[in-house]
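In what follows, a structure is listed as structure tokens, so that the remarks can point back to it.
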Amino acid sequence: MSDARRDAAVTYGSYLRVDELLRLQEPRSPGPEHDEMLFIVIHQVYELWFKQLLHELDRVTQLLAARDTHRTQHTLKRILTILKVMVAQLDILETMTPLEFLSFRARLEAASGFQSDQFRQLEFALGAKSDRAIARFAEGTRARVALEKRYREPTLWDAFLHYLAREGYAIPSAALTRDVTTAAEPSTDVQQVLVTVYRTDAKNAELCERLVDLDEGVQEWRYRHVKMVERTIGTRTGTGGSSGAEYLKSTVGRPLFPDLWEIRAHL
Ligand code: HEM
């Protein structure tokens, strides 16, 4: 921070960097097309929510390591509340008709939410790891460095299993020492522990339920995003080069924490 900035009295504008913030929306369409502003603002807002979610998920990991159940619950509740707002925000973009979107879509060229490194970071933190996702970002860029770091870090599920082990549960050592750069495989041994938690330990069963909420919330976002895509571009391919809605549909319904879903039939 420059000396001049440090010395000036703090104001709403200086603290929040409002001048810089308001310069960051640059429509590419001539005119510009009215709806392009909404499209830019909503994506920028999402990126800020992604940032906040990552911040809160890091906090949850620390709290689990400290066996602070109460504040873990509290932080998970905040994460879920943000997620609900993120899902609800899709309503705003759905007020944009297909023709309004087509009026500037070509200006996006190959740009797509597909290239959101923060979304991939979230997927990694929640357990959906993929080295192919990393390769899409140029080496040395902020996005690539951040993504590589998340890739090497344990996931939220890993943090939770370590927490349960510290709470005295017999989590299989294979689950505690697994390669965290891969997706965690469902484990019947872990599921047995989870059934015991649900039957005998209300405090930790509550934590499990918040993780199910989180899993369901992410799937809800994916579902709503596909529906928005279908109503806006139908079966057109995506600007990011995928088959579009067809590809997105294949990502819906894949659970983040499969063990927590599997045990429902055994409770
Ligand atoms: C009119 C609005 C939108 C349309 C038509 C649209 C379309 C698409 C399409 C077709 C894809 C597949 C990848 C591709 O080939 O491009 C995609 C992916 C994605 N979009 Fe959107 N999108 C819209 C709004 C949004 C918004 C507001 C966000 C919020 C950040 C977003 C985030 C993402 C993300 C994160 C992916 C990657 C999903 C994954 O790989 O699982 N999209 N989008």
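The values are calculated or read from the model by the stated rules, or taken from the named source; none is laboratory data. Note that this is a predicted model, so its numbers are computed, not measured. Every residue, glycine among them, receives a Cβ derived from its backbone with ideal geometry; neighbour counts consider all protein chains shown.
Yes or no, residue by residue, for (1) under 28 Å from Val45 (Cβ atoms); (2) loosely packed, with under 13 Cβ neighbours inside 10 Å:
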{"residue": "Glu109", "(1), (2)": "yes, yes"}
{"residue": "Ser112", "(1), (2)": "yes, no"}
{"residue": "Ser116", "(1), (2)": "yes, no"}
{"residue": "Ala125", "(1), (2)": "yes, no"}
{"residue": "Arg132", "(1), (2)": "yes, yes"}
{"residue": "Glu139", "(1), (2)": "no, yes"}
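Taking Asp35, is it of a type outside the set (A, V, I, L, M, F, W, C) and within 16 Å of the ligand (Cβ to nearest atom)? Considered against the rule, which asks whether it is of a type outside the set (A, V, I, L, M, F, W, C) and within 16 Å of the ligand (Cβ to nearest atom), Asp35 comes out as yes.
Residues of segment 60-69 include at least one that is outside any helix (DSSP H, G or I), among the aliphatic types (A, V, I, L, M) and surrounded by fewer than 17 Cβ atoms within 10 Å (Cβ to Cβ).
Those helices (runs of 4 or more DSSP H) of segment 160-267 in which 3 or more residues are within 14 Å of the ligand (Cβ to nearest atom) and over 19 Å from the mean Cα position of the chain (by Cα) occupy 202-233.
Matching residues to (1) touching a residue at least 12 places away in the same chain (Cβ under 8 Å); (2) within 9 Å of the ligand (Cβ to nearest atom); (3) touching a Cys at 6+ places or on another chain (Cβ under 7 Å):
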{"site": "Leu76", "(1), (2), (3)": "yes, no, no"}
{"site": "Thr81", "(1), (2), (3)": "no, no, no"}
{"site": "Met86", "(1), (2), (3)": "yes, yes, no"}
{"site": "Phe101", "(1), (2), (3)": "yes, yes, no"}
{"site": "Phe104", "(1), (2), (3)": "yes, no, no"}
{"site": "Arg107", "(1), (2), (3)": "yes, no, no"}
{"site": "Ala111", "(1), (2), (3)": "yes, yes, no"}
{"site": "Gln115", "(1), (2), (3)": "yes, yes, no"}
{"site": "Phe119", "(1), (2), (3)": "yes, yes, no"}
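The C-beta contact set for segment 35-48 (first residue farther than 21 Å from Ala106 by Cβ, second residue assigned to a helix (DSSP H, G or I) and near the ligand (Cβ under 9 Å from one of its atoms), distance under 7 angstrom, 6+ apart or interchain) comprises Tyr46/Met86; Glu47/Gln118.
Summed over segment 105-146, the residues that are farther than 30 Å from Glu185 by Cβ and among the β-branched types (Val, Ile, Thr) give a count of 1.
One residue alone among Asp91, Asp131, Asp158 is of a type in the set (Asp, Glu) and either touching a His at 6+ places or on another chain (Cβ under 8 Å) or at pLDDT below 95 (or both), and that residue is Asp131. Among the residues making up segment 91-107, a single one is crowded, with 16+ Cβ neighbours inside 10 Å and either of a type in the set (Asp, Glu) or farther than 21 Å from Glu26 by Cα (or both): Glu100. Scanning segment 252-267 for residues that are within 21 Å of Ser130 (Cα to Cα) and surrounded by 15 or more Cβ atoms within 10 Å (Cβ to Cβ) yields Val252, Pro255, Leu256, Phe257, Pro258, Asp259.
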